[in-house]
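What follows is calculated from the coordinates using simple rules that are stated; it is not laboratory data. Just so it is clear, the structure is predicted and the values come from calculations on it, not from any experiment. No Cβ is skipped: glycine too gets one built from the backbone with ideal geometry, and neighbour counts run over all protein chains shown.
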Amino acid sequence: MKLSITILPGDGIGPEVVAEAMKVLEAVASKFGHELDVSAHPFGSSGLESAGSGFPDETRDACMSSPAIFLGAVGDPRHDHLPPNERPEKALLHLRRLIESFANLRPVVAQFVSPTSPFKSETLKGVDLLIVRELTGGLYFGEPRGFEGEGKDRRAINTLRYSTHEIDRIARVGFDAAMKRRRHVTSVDKSNVLETSKLWREVVDSVAKDYPDVKLEHMLVDRAAMEIIANPASIDVMLTSNLFGDILSDEASMLAGSMGLLPSASLGGKIGLYEPVHGSAPDIVGKGIANPVGAIASMAMMLLYSFDLEDEAKLVERGIESSFAAGCVTADLSDTPKSTEDVGDHIARFVADA
Ligand code: NAD
C-alpha cells in the first residue's frame, strides 16, 4: 500500500520526536511492504521564520493533498510577544478548521507506573480510556464573542452554542469507538444547569438507540472530574464537548505518567491529523531527553485510522510496551533514563525483528 503523509515537524522538540516516529514508520513500511510517500513542510514558528507565515501556502497545499498529516508540536518563546492572531499556535487552529476535524480522540493508558506518579499503583491498574472531544464547536467558537464597554462597564462575552447535527456526529464517533473497545460510553455534560447540555443529553440518547450493544451512562462534568481520579479504570469511552474535553483530557493525561506519552488523532473530515498531546517543550529542546512515545503512538493511530492497518498499528503498540518492559524510557519517567533516540531505536528494532 502507498502511504501518503504530510509531515509537519514544527517547533521545539517537535522535530526530535517526529524523527523517532519516522524511524518506526520506516521499519513498519519495510516489514509489511508498504511504499512511503512522505514530505516535510514548515509550520508554526519554523514557517514564520522561513516563509513569513505560521501556515505557509506551500504547507497548506501539501496538507490538502494527502489523507494524513503528522505533526510534532508548535510554539516558540521567541514569538510569544506577537498578538494572538499572528502567533504560530494560531496555525494549528487554522489547520484543524481547514480539514474540518471535529472529533479529537485521546487514548490514555496507564502502561508505565512512574515512581513520580501522584497515583497509587492500584488506582492505575487496568486504566485504558479514550476521551472523545468535540473540537470545532461550543464555547471556543461560538459567536458573539469579544469585549464591550469601558471602565467598570467593560464586559467580556463568549457564547456556548451546539446544534443537533454537531452533537449527533461526535456522538457517533464515540459510539463507533466504543464498539471496538469495551462497549461503554460515559457522556459528560452539565445538564442540570446548561441548555446546551440538555440538548447534548437528548441527542446522545437518540444516537444510542442505533447502538444497542453499547452501555450508555450520563455523568455531570463535576462528577466526571472526580471519577477520573477516583475510579479511572471504570471508564471506557468518555464523550464530551469542546470545553469539558479540553480540561478533562489534561486531567486524565496525569494517569499515564507523563505528557510525553500521550497520542491524539483529530478526525471527521477527509484528512486525519495526528500529533502528540504535548507542546514544543522549549525547556528541554536540543537535550535529547524528549519522550518520543506520544509521537510514536500517534503514528500508530494514523496507521489504524487513516490507513486501516490494524496489524501494523498493533505491532507499534507492542514495540512501545516492550520499551517499557525493558526500562528503555526517557528522563520524565526514570532516574536512569535513556535518550530520545534510544527509545525510538528500541521500538523500531522491535518492529523490524518481530
Ligand atoms: P509543553 O507540553 O510544551 O510542556 C509542558 C511540560 O511538559 C514541560 O515541562 C515539558 O518539558 C514537558 N514535556 C512536554 N512534552 C514532553 C516530552 N515529549 N517529553 C518529556 N517532557 C515533555 O507545554 P507548555 O510548556 O505549556 O508550552 C510550550 C509551548 O508549546 C507553547 O508555545 C505552547 O503554546 C505550545 N503548545 C503547543 C501545543 C501543540 O503543538 N499541540 C500544545 C500545547 C502547547
Inter-label distance, nm, simple model (7 Å from Cα along the C-beta direction), residue 19/residue 353: 2.3
Taking the Cβ-Cβ separation of residue 209 and residue 233 as r and a Förster radius of 35 Å, what is the calculated FRET efficiency to the nearest 0.05? 0.80
Under the definition of Cα pairs under 8 Å and six or more residues apart, what whole-number percent is the relative contact order of the stretch 118-256? 37
Add +1 for every Lys or Arg and -1 for every Asp or Glu among the other residues with Cβ under 13 Å from the Cβ of residue 346, and state the total. -2
Along Cα→Cβ, 7 Å out, is where each label goes; now give me the distance between the ones at residue 311 and residue 192 in nm to one decimal. 5.1
So what are the ³J(HN,Hα) numbers for the stretch 233-250, from phi and the Karplus equation (6.51, -1.76, 1.60; θ = phi - 60°), rounded to whole Hz, Gly and Pro as x? 5, 7, 9, 9, 10, 10, 9, 7, 7, 4, 5, 4, x, 4, 6, 5, 6, 5
Net +/- balance of residues flanking residue 52 in space, Cβ distance below 12 Å, scoring K and R +1, D and E -1: -4
Working out 0.36 nm times the residue gap between residue 122 and residue 157, then minus their Cα-Cα distance, what length gain in nm do you get to one decimal? 8.2 nm
Which of the lysines could a cross-linker span from residue 198 if the Cα-Cα distance has to be under 25 Å and same-chain partners fewer than 8 positions apart are dropped? 190, 209, 215
Which percentage, to the nearest 5, of the DSSP beta bridges contained in the chain is antiparallel? 40
Cross-link partners among lysines for residue 2, C-alpha distance below 30 Å, same-chain residues fewer than 8 apart left out? 23, 31, 180, 270, 314
Starting at 0 and stepping by 5 Å, how many percent of the alpha carbon pairs of the stretch 118-256 end up in each bin? 2, 10, 19, 20, 18, 12, 8, 5, 3, 2, 1, 0
Order these by the 10 Å Cβ neighbour count, fewest first: 38, 28. 38, 28
Give, to the nearest whole percent, the P(r) tail of the chain beyond 28 angstrom, counting all Cα pairs. 45
Multiply the residue gap between residue 250 and residue 51 by 0.36 nm, knock off their C-alpha separation, and tell me the result in nm, one decimal place. 68.4 nm
